[in-house]
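One structure below.
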Amino acid sequence: MYAELKTMLDHWSQGDFTLADKEQDRLLDFLQASRGFSNGLATKNEEDLFILNNFGPEYLNTLNESTYTSYEESSP
């Protein structure tokens with residue numbers, strides 16, 4: 001399981017969220033959670049609505065590939 005967790009973290013630290021819904025569900029299953037499971041990946045409109053509702057309009061369109069750093073780049 002730890003190798004699987006490392007793979008998830010590697011994906012996320014590199015800005016690869018293409019499997020985030022499945023990885024989140026696997027992580028929650030590992031933690032024996034009873035809620036928080038995904039309903040699939042959010043669409044661009046769903047992401048924008050989440051940002052608007054939780055952070056405000058000034059945060060829309062502020063994330064891009066340059067925002068993400070790999071684990072190696074951010075490690076001491």
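Laboratory data are not the source of any read-out in this text; all were calculated from the coordinates shown. Note that the structure is predicted; figures quoted are calculated from it, not measured. Cβ atoms come from the backbone with ideal geometry, glycine included; neighbour counts cover every protein chain shown.
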Worksheet item: Across segment 1-24, what is the number of residues that are within 10 Å of the chain's Cα centre (by Cα) and not in a helix (DSSP H, G or I)?
Response: 5
Item to complete: List every residue pair whose Cβ atoms sit under 6 Å apart, with the two residues 6 or more apart in sequence or on different chains, where the first one lies in segment 25-44 and is touching a residue at least 12 places away in the same chain (Cβ under 8 Å) and the second, anywhere, is surrounded by 10 or more Cβ atoms within 10 Å (Cβ to Cβ) and part of a loop (DSSP other than H, G, I, E, B).
Response: ASP25/PHE37; ASP25/SER38
Practice prompt. Name the single residue, out of those in segment 25-47 being part of a helix (DSSP H, G or I) and not aliphatic (A, V, I, L, M), that is nearest to LEU60 (Cα to Cα).
Written response: GLU47
Worksheet item: Which ones in segment 20-48 are small (Gly, Ala, Ser) and over 19 Å from GLU4 (Cα atoms)?
Response: SER34, GLY36, GLY40, ALA42
Discussion item. For a quick check of your reading of the model, give me the residue pairs whose first member lies in segment 1-22 and is touching a residue at least 40 places away in the same chain (Cβ under 8 Å) and over 21 Å from ASN39 (Cα atoms), whose second is of a type in the set (Phe, Trp, Tyr) and part of a helix (DSSP H, G or I), with beta-carbon atoms closer than 7 Å and at least 6 apart or on different chains.
Written reply: ASP10/TYR71; SER13/TYR71
